Amino acid sequence: MLNVINYRSFSKLISFFPPELLHYFFLQTLKLNFFQKKKKYENLYTKVLGKDFDNPIGLAAGFDKNAEVINGSFNLSFGFVEVGTVTPMPQKGNPKPRVFKIPEFEAIIQRLGFNNSGIEVFLNNLKKIKKNEREILGVNIGKNKNSKDPVSDYKFLYNLVQPYADFVTINISSPNTPGLRDLQKKDKLEKILTTLSKLKKKKTFIKLSPDLSDEELEDICKLSIHSKIVDGLILTNTTISRNNLQSKPVRDFWKISEEGGLSGPPLKELSNKIIKKTYKLTKGKIILIGVGGISNGRDAFEKISCGCSLLQLYTSLVYKGPNVVVNILSELSGLLKKKGIRKVEDLVGKNINL
């Protein structure tokens, strides 16, 4: 079974395959339910927005775009799973190649462009899922690339997915769909939130860019606090910045100049900076989910300490394999004990140094 193989060695053996093909193979293994949930840690149990989570580590959107492997993903020991991004109509996304691994940094640059099979296939897959109440499921929604009415796209999707989700994420921050990040501007975001607030039945998050200006972030925080729909913010999506890829040589240096969003450890510092600012701006009044550069328990500890109640990862799953989740949980649990912190929610926003 894959979880007992030296994943790094295995990964090198298959590195000549295109990243998207490897991702497809990974999805197929999850469909076969090879993996079994591992040990649970009592100090990692947490309650957020009225929901009980076995642990705060979640799977980020983008991994399971069509909601195909929800049960298999939970078997990797995630405390919650977010599927999508789904759009109203199917779309192929941007031309290939569009995913570039930068192994020197354990990073990825991708410009997939919301490639997915559309809401009809997505809903059919959701209807087949059987999960227990502690398996928290989120659905990430986005607009079609050529949509002339983004608000209509979000309204259509939001209404359809709520019956199947514990929370819904409004994705307005991917750098790979032209014009999408403009929806983060105050007037446009306010229009989306006002429209969706009339339909709200489930907890709702907004996923933000790490490349926002301080003024833009402040506007979004104010809107979120005073809106009737926003329960939390997901911080952050991928970045178009390449500033953190200059510290060491990269063999395939040309990849750094490829367009797309950068994820993995080079995003961590930028993501944490946004999290700290947001926690301060919102005074802890709304829930923050931290994403970006989480590879081990120390990364998880740091992000929660910055102000996050929950976390998500994706890129480290690509580089470290399916055991990364249980390794992070074990290390995070140990760090809490070492610091004398009884439960993980007591760490939120405490800015404790390791």
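The values are calculated or read from the model by the stated rules, or taken from the named source; none is laboratory data. Note that the coordinates shown come from a computational prediction; the quantities given were computed from them, not determined experimentally. Every residue, glycine among them, receives a Cβ derived from its backbone with ideal geometry; neighbour counts consider all protein chains shown.
Just one of the numbered conditions (1) farther than 23 Å from residue 324 by Cα; (2) among the acidic types (Asp, Glu); (3) in contact (Cβ under 8 Å) with a residue 40 or more places away in the chain is not true of residue 120; which one?
Going through the list (1) farther than 23 Å from residue 324 by Cα; (2) among the acidic types (Asp, Glu); (3) in contact (Cβ under 8 Å) with a residue 40 or more places away in the chain, residue 120 breaks only (3).
Looking at 340, 293, 297, 349 in this structure, which one is of a type outside the set (Phe, Trp, Tyr), on the phi > 0 side of the Ramachandran plot and surrounded by 20 or more Cβ atoms within 10 Å (Cβ to Cβ)?
Working: 340 fails: surrounded by 20 or more Cβ atoms within 10 Å (Cβ to Cβ); 297 fails: on the phi > 0 side of the Ramachandran plot; 349 fails: surrounded by 20 or more Cβ atoms within 10 Å (Cβ to Cβ).
None of the other options fit; the residue is 293.
Within segment 256-278, how many residues are touching a helix residue (DSSP H, G or I) at 6+ places or on another chain (Cβ under 7 Å) and over 22 Å from residue 296 (Cβ atoms)?
Looking only at that region, the number is 3.
Show the residue pairs that are 6+ apart or on different chains and have beta-carbon atoms under 7 Å apart, the first residue being within segment 145-165 and among the aromatic types (Phe, Trp, Tyr), the second being in a helix (DSSP H, G or I).
Short answer, once both residue conditions are applied: 154/192; 154/196; 158/196; 164/126.
For segment 246-264, how many residues are crowded, with 20+ Cβ neighbours inside 10 Å and assigned to a helix (DSSP H, G or I)?
Of the residues in segment 246-264, 0 are crowded, with 20+ Cβ neighbours inside 10 Å and assigned to a helix (DSSP H, G or I).
Taking the condition surrounded by fewer than 24 Cβ atoms within 10 Å (Cβ to Cβ), basic (Lys, Arg), modelled with pLDDT of 95 or more and closer than 26 Å to residue 85 by Cα, does residue 268 pass?
The answer is yes for residue 268.
Taking segment 210-245 as the region of interest, how many residues are part of a loop (DSSP other than H, G, I, E, B), β-branched (Val, Ile, Thr) and out of contact with any Gly (no Cβ under 6 Å at 6 or more places or on another chain)?
Total satisfying the criteria: 3.
Among 93, 72, 138, 113, which is of a type outside the set (D, E, K, R) and assigned to a strand (DSSP E or B)?
Working: 93 fails: assigned to a strand (DSSP E or B); 72 fails: assigned to a strand (DSSP E or B); 113 fails: assigned to a strand (DSSP E or B).
Just one listed residue meets the conditions, 138.
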